[in-house]
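After the structure tokens below, expect a handful of questions from me.
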Amino acid sequence: ETGVTQSPTHLIKTRGQQVTLRCSSQSGHNTVSWYQQALGQGPQFIFQYYREEENGRGNFPPRFSGLQFPNYSSELNVNALELDDSALYLCASSSHTTTNEKLFFGSGTQLSVL
Amino acid sequence: ILNVEQSPQSLHVQEGDSTNFTCSFPSSNFYALHWYRWETAKSPEALFVMTLNGDEKKKGRISATLNTKEGYSYLYIKGSQPEDSATYLCAFYSSASKIIFGSGTRLSIRP
């Protein structure tokens with residue numbers, strides 16, 4: 001059973017640039033969610049994808065967008081990067097969207113915006 | 001604005017001692033509460049998924065209780081060991097697709 005993998009592990013960008021983060025879900029999982037964790041805070045829910053459709057979104061602006069592919073892997077895209085976007089970005093997969101499904105997390109991508 | 005609070009923020013416990021910490025969440029619109037353990041340099045790992053008021057879950061020396069009417073969950077660790085050192089996160093579901101994490105309790109076990 002393959003776990004959740006994220007790439008890249010670290011990334012440095014400058015303000016105004018765009019970034020794409022990638023996540024491969026655990027085999028057999030059709031749901032992927034993305035989280036932003038700023039220093040000293042808990043993970044904040046960005047959005048969730050189920051079978052290639054967004055089916056839930058947190059309080060993030062439209063410049064945060066995503067995709068899910070037929071193999072259930074996912075991308076998080078952030079446009080017009082701001083300094084406050086510097087954070088650890090986690091993705092998690094689950095076997096369904098129901099709330100009694102455990103989330104399986106990747107190791108995260110550490111994004112620094114200069 | 002829905003808020004999930006965890007207390008204390010950090011905890012130092014002697015090896016062999018038992019400890020507990022709290023997750024407080026809104027008592028309305030409850031769907032589920034999850035507990036995760038996050039060790040340094042690793043990924044968060046699910047401990048418990050709790051969905052019913054009065055739920056009690058146990059995994060080895062770790063257990064959790066849930067009170068949805070008053071909006072809190074306790075996590076207990078019996079006989080702490082060095083490998084229990086981690087940040088413990090709770091996550092509250094206010095709907096099927098809205099999840100709010102607490103800021104975590106950072107637990108350090110002193111040998």
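The values are calculated or read from the model by the stated rules, or taken from the named source; none is laboratory data. Quick caveat, the model's predicted, so the values are computed rather than measured. So basically every Cβ, Gly included, is an ideal-geometry build from the backbone, and we count neighbours across all protein chains shown. What goes into the accessible areas is simple: the full protein's heavy atoms, side chains included, and nothing from ligands, DNA or RNA. Shrake-Rupley method; radii C 1.70, N 1.55, O 1.52, S 1.80 Å.
Among all stretches of chain A without exposed trypsin sites (Lys or Arg not before Pro) (DSSP loop, at most 16 other Cβ atoms within 10 Å), which one is longest?
Longest site-free region, per DSSP loop and neighbour criteria: A:64-101.
Right, next: Working from the pairwise distances between different alpha carbons, so that the mean of 1/r is found and then inverted, what is the protein assembly as shown's Kirkwood radius in Å?
Values: mean 1/r = 0.0557 Å⁻¹.
Roughly 18.0 Å, rounded to one decimal.
Return the value, in Å² to the nearest 100, of accessible area buried between chains B and A (probe 1.4 Å, both sides summed).
Numbers: alone 6300 and 6210 Å², together 10880 Å².
By this definition, chains B and A bury close to 1600 Å².
Something else: How many percent of the accessible area of chain A is carbon or sulfur, using a 1.4 Å probe? Don't skip to the answer; put the middle values down first.
Values: 2580 of 5400 Å².
Roughly 48 percent, rounded to a whole number.
Using the Karplus equation 6.51 cos²θ - 1.76 cosθ + 1.60 (θ = phi - 60°), what ³J(HN,Hα) coupling, rounded to whole Hz, does each residue of the stretch B:23-39 give in order, writing x for Gly and Pro?
10, 10, 9, x, 8, 10, 6, 8, 10, 6, 10, 10, 10, 10, 10, 10, 7
As an exercise, take the mean of 1/r over every pair of distinct alpha carbons in the stretch B:32-82, invert it, and state the Kirkwood radius in angstroms.
11.8 Å
So, one more: Taking the Cα centre of the protein assembly as shown as origin, work out the dipole magnitude from +1 charges on Lys and Arg Cβ and -1 charges on Asp and Glu Cβ, in debye rounded to 20.
Result for the protein assembly as shown is approximately 80 debye, rounded to the nearest 20.
Suppose we compare each residue of the stretch B:86-111 in its chain alone and in the full protein complex with a 1.4 Å probe; which ones drop by at least 20 Å² of accessible area?
With the partner chains in place, the stretch B:86-111 has these residues losing at least 20 Å²: B:Y93, B:A96, B:S97, B:K98, B:I99, B:F101, B:S103.
Please return the longest range in chain B lying between exposed loop sites, taking trypsin sites (Lys or Arg not before Pro), DSSP loop only, at most 16 other beta-carbon atoms within 10 Å, and leaving the sites out.
Answer - B:1-41.
If R0 is 35 Å, what FRET efficiency do you get for B:S95 and B:N20 from their C-beta distance, rounded to 0.05? Write out the running numbers ahead of the final one.
Values: r = 28 Å, r/R0 = 0.81.
Result of the calculation: an efficiency of 0.75.
When chain A is modelled as a GNM with alpha-carbon springs shorter than 10 Å, which of A:G58, A:G40, A:G16 fluctuates the most?
Answer for the Gaussian network model of chain A: A:G40.
How far apart, in nm, are two points set 7 Å out from the Cα along the Cα-to-Cβ line at B:K58 and at B:A41?
Placing both labels 7 Å along Cα→Cβ, they lie 3.4 nm apart.
Determine the per residue accessible area of the protein assembly as shown with all protein chains present and a 1.4 angstrom probe, expressed in square angstrom.
Here the per-residue accessible area is 48 Å².
Let me ask you something else. Which translational diffusion coefficient, to the nearest whole µm²/s, is obtained for chain A from the Stokes-Einstein equation, given a Kirkwood hydrodynamic radius over C-alpha pairs, 4 °C and 1.567 mPa s?
Estimated diffusion coefficient is 93 µm²/s.
Checking the cross-link filter: which lysines have an alpha carbon closer than 22 Å to that of A:K102, excluding same-chain neighbours under 8 positions apart?
Partners within reach: B:K42, B:K57, B:K58, B:K59, B:K98.
Follow-up question, since we're still on this one. Treating the stretch A:56-114 as a set of equal point scatterers at the Cα positions, no solvent, please give the Debye-formula log₁₀ I(q)/I(0) at q = 0.13 Å⁻¹.
-0.42
How big is the gap, in Å, between the Cα center of the stretch B:25-45 and the Cα center of the stretch B:68-111?
Comparing the Cα centres of the stretch B:25-45 and the stretch B:68-111, I get a distance of 6 Å.
Could you tell me the largest-minus-smallest coordinate of the C-alpha atoms of chain B on each of the three principal axes, in descending order and whole angstroms?
Sorted largest first, the three principal extents are 42, 27, 20 Å.
Restrict the search to the stretch A:1-102; then list the GluC sites (Glu not before Pro) that DSSP places in a loop and that have at most 10 other Cβ atoms within 10 Å of their Cβ.
Taking the stretch A:1-102 and a limit of 10 other Cβ atoms within 10 Å, the loop GluC sites (Glu not before Pro) found are A:E1.
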